[in-house]
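Structure first, then comments.
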Amino acid sequence: MRRSVQATELSQKRITRRALVMGGAQIAIIGVLGLRMRQLQIRDAKQYRMLAEDNRINLQLIAPARGRILDRFGDVLADNRPTYQVTIVREQAGDLASTLRQLQLVLPITDDDIAEIMKSSEKTSAFVPLSVAEDITWEDLARVAVNAPALPGVNLETVLQRTYPFGSDFAHTIGYVGRVSSGDLEAVETTDPLLSLPGFKIGKTSIEKTFEKELRGAQGTLAVEVNATGRVMRDLKQTASISGEDLHLTLDHHLQNFTFARLGDQSAAAVVMDVRNGDILASASAPSFDPNLFVNGISSRDYGLLRDSEYRPFADKTVQGAYPPGSTVKMSLALAALEAEVVKEQDTVACPGFVEIAGRRFHCWKRGGHGRVNLQAALRESCDVFFYEMAQRVGIEGLNAMNTRLGLGQKPDLPFSGMSAGVNPSRLWKQEKQGSDWLIGDTINASIGQGFVLATPMQLAVMTARIASGRAVMPRIVKPMIGSVDPDMEPLGLRSSSLALVHRGMFDVVNSGRGTAKASRIVAEGQPMAGKTGSSQVFSITAEERAAGVRSQADLPWKRRDHALFTAFAPFDKPEIAVSVLVEHGGGGSTAAAPIARDLVLFYLNGGLPTPEAYPADQRGRISTDLQRLSSLILPPDTVNGGHQRG
């Protein structure tokens, strides 16, 4: 049946509408696609081009050269040397354990090493290189390189490694670097990408740690093109790293080296300081250790030997060891008494060998007593009874105040690890620390550097430098920049007459026939030193031991003997240096510590080993032998810029 004209027209209209809708939809879809293509090709082209580049370009970090550490004359104390290391990337290695076992056939790594690497891999991203072996030999490098095709993910790298050319001489002052630990990462607020590099080292102790930021430098980058398997095809762009800053110290390597030789195999410490500006010229704690052992990780055996030594080589006795200062504190008490005007130069005190205070007898070191002595004689002969009397006149608060003025009980501003502030006791201190009242006996003990009083060899050097100069000398170990002006050290505010009297007493200690250190005098013209002996009691000889024949320090076991101390400044007429020496369990300061201080003074004043003529005539035979022995132990002058002039 034929359709009507009206029906046909209606059908055509419907078809036309559908066509228009479909056409519009197609146009809309094409438009959206076109717009998206425009976005991809024009607006977002840069972003996707970068993503594409990232798929074929790897960005590698370049470690900077660590800043060197040099002594006052430019001799390098901490340096960097090129060395080889092996790393492995887990995502490129496939079966990490299998690859490591293959590597073990050509590289001397142990099963424990492999276990440690596998453990580290669990905490590290798959694309971060893992350290396998450091500081390998050329032969090991060659074997790994030849077998590289069979060792996927294994890489050979040339890196700079920290080295300490003078070994144990500066272990305590400079410190050492070591591998980054989890504790190191937790201690920093913002993690430096360098810390994730395999084998990267950071400062662990002392100067290396304190100046880590300055010494580390900043990383560079290297963009490399890699193929689908991750193999580097070519270098594209490199941004150079920035080396760390060099650090110049006030230390004199030649003097430091001699100080260690002079301390020998004793458990001892010595500090030499310039009284004019606070420069630390030598700071030695014996015995020491080789910091090179720690750079790649010290062995359990070596660490155990150092840790278990009764001489404590890890401890820096110059700043960490707090000892009773013994009679060296008498200089502070003398100044306190003079400044408080409770004693005059001509005043005397009778010393019968003891004094009874509050029902207790306090003895002088000289059992028969010193007779009647004034302040200068009391310093010269180290009369305890005289200073017992001065302590009662001044009181503990007066002694505490002068000790503070001279630097005792204060932690110096130095970049060393684990420094002790010592103890400068007072009534308030005892109440806070022990919850008990101060007693007169505490004051008497403090007057001779016993009881609660503790000081480090560094603090004793500061005290002596301040007494010698009359100024608030502050120790420093980082050398100021060339052209800078030395700090204007504030006067201590002590009367010149008080200082002069104490100076004369210290001069007599060494140069008078009745001085406690007369055997350590210097006879060379223009080089006399002034000093003060000290012996701090560790244990007293019991009545039972005396009955058994124990009469002297030499009869006691080493650990029960007194510590020996001596402080000095020189030359007497125009002081340049202050010296403090401690010999643990050395017995008497006059016999164990003073001779060492004399040799350090002479070495400094002569710019090297002195001649026997600098010593008293009756000692020259023995001294000649000692000087020959020391000459064989120290580095020749040409290893330190041909020798240095003092000043």
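Here are the numbers for this structure:
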quantity	calculated
Residue that is nearest to D252 (Cα to Cα), among those in the stretch 73-82 that are surrounded by fewer than 18 Cβ atoms within 10 Å (Cβ to Cβ) and within 17 Å of the chain's Cα centre (by Cα)	V76
Selection within the stretch 164-183 - within 30 Å of I477 (Cα to Cα) and over 16 Å from the mean Cα position of the chain (by Cα)	P165, R179, V180, S181, G183
Tally of residues being in a loop (DSSP other than H, G, I, E, B) and either in contact with a Lys or Arg (Cβ under 7 Å, 6 or more places away or on another chain) or over 17 Å from V509 (Cα atoms) (or both) across the stretch 365-379	3
Which numbered condition L107 fails, given (1) assigned to a strand (DSSP E or B); (2) over 35 Å from the mean Cα position of the chain (by Cα)	(1)
Out of V343, V329, V373, V385, sole residue that is among the aliphatic types (A, V, I, L, M) and more than 24 Å from A564 (Cβ to Cβ)	V343
Spans of helices (runs of 4 or more DSSP H) in the stretch 179-226 with at least 1 residues in contact with a strand residue (DSSP E or B) (Cβ under 8 Å, 6 or more places away or on another chain) and basic (K, R)	206-210, 212-216
Counted residues, the stretch 541-591 - those being assigned to a helix (DSSP H, G or I) and at pLDDT 90 or above	3
Scope the stretch 260-299; condition assigned to a helix (DSSP H, G or I) and either free of Cβ contacts under 8 Å to residues at least 24 places away in the same chain or touching a Pro at 6+ places or on another chain (Cβ under 7 Å) (or both); matching residues	L293
Any chance L130 is surrounded by 12 or more Cβ atoms within 10 Å (Cβ to Cβ) and touching a residue at least 40 places away in the same chain (Cβ under 8 Å)	yes
Residue among R620, R514 that is at pLDDT 95 or above and part of a helix (DSSP H, G or I)	R620
Residue within the stretch 386-401 that is in contact (Cβ under 8 Å) with a residue 24 or more places away in the chain, of a type in the set (A, V, I, L, M, F, W, C), surrounded by 17 or more Cβ atoms within 10 Å (Cβ to Cβ) and not in a helix (DSSP H, G or I) present	no
Subset of the stretch 332-363 (residues that are touching a Leu at 6+ places or on another chain (Cβ under 7 Å) and either over 24 Å from T516 (Cβ atoms) or crowded, with 16+ Cβ neighbours inside 10 Å (or both))	S332, L333, A334, L335, A336, L338, E339, V343
Only listed residue being in a loop (DSSP other than H, G, I, E, B), farther than 30 Å from I69 by Cα and among the aliphatic types (A, V, I, L, M), chosen from L494, L499	L494
Elements of type helices (runs of 4 or more DSSP H) contained in the stretch 412-490, each with 3 or more residues being within 24 Å of H172 (Cα to Cα) and either among the acidic types (D, E) or free of Cβ contacts under 8 Å to residues at least 12 places away in the same chain (or both)	none
Given (1) at pLDDT 85 or above; (2) surrounded by 14 or more Cβ atoms within 10 Å (Cβ to Cβ), number of the condition A115 does not satisfy	(2)
Residue match in the stretch 153-171 (condition: without any contact (Cβ under 8 Å) to a residue 12 or more places away in the chain and surrounded by fewer than 17 Cβ atoms within 10 Å (Cβ to Cβ))	no
Failed item, numbered, when S300 is tested on (1) in the same structural domain as A378 (by TED's automatic domain parsing); (2) out of contact with any Leu (no Cβ under 7 Å at 6 or more places or on another chain); (3) among the small types (G, A, S)	(1)
Residue in the stretch 461-481 that is exposed (fewer than 14 other Cβ atoms within 10 Å of the Cβ) and either within 21 Å of A594 (Cβ to Cβ) or among the charged types (D, E, K, R) (or both) present	no
Failed item, numbered, when D169 is tested on (1) modelled with pLDDT of 85 or more; (2) closer than 19 Å to L61 by Cα; (3) of a type outside the set (V, I, T)	(2)
Residues being part of a strand (DSSP E or B) and touching a Lys or Arg at 6+ places or on another chain (Cβ under 9 Å) - total across the stretch 136-164	4
Residue among R307, R312 that is under 30 Å from L602 (Cα atoms), out of contact with any helix residue (DSSP H, G or I) (no Cβ under 6 Å at 6 or more places or on another chain) and either without any contact (Cβ under 8 Å) to a residue 12 or more places away in the chain or of a type in the set (K, R) (or both)	R312
Criterion violated by K201 - all others in (1) surrounded by fewer than 12 Cβ atoms within 10 Å (Cβ to Cβ); (2) within 33 Å of the chain's Cα centre (by Cα) satisfied	(1)
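The values are calculated or read from the model by the stated rules, or taken from the named source; none is laboratory data. If you're wondering where the values come from, they're calculated on a predicted model, not measured in any experiment. All Cβ positions, even for glycine, are placed from backbone atoms using ideal geometry, and neighbour counts span all protein chains on display.
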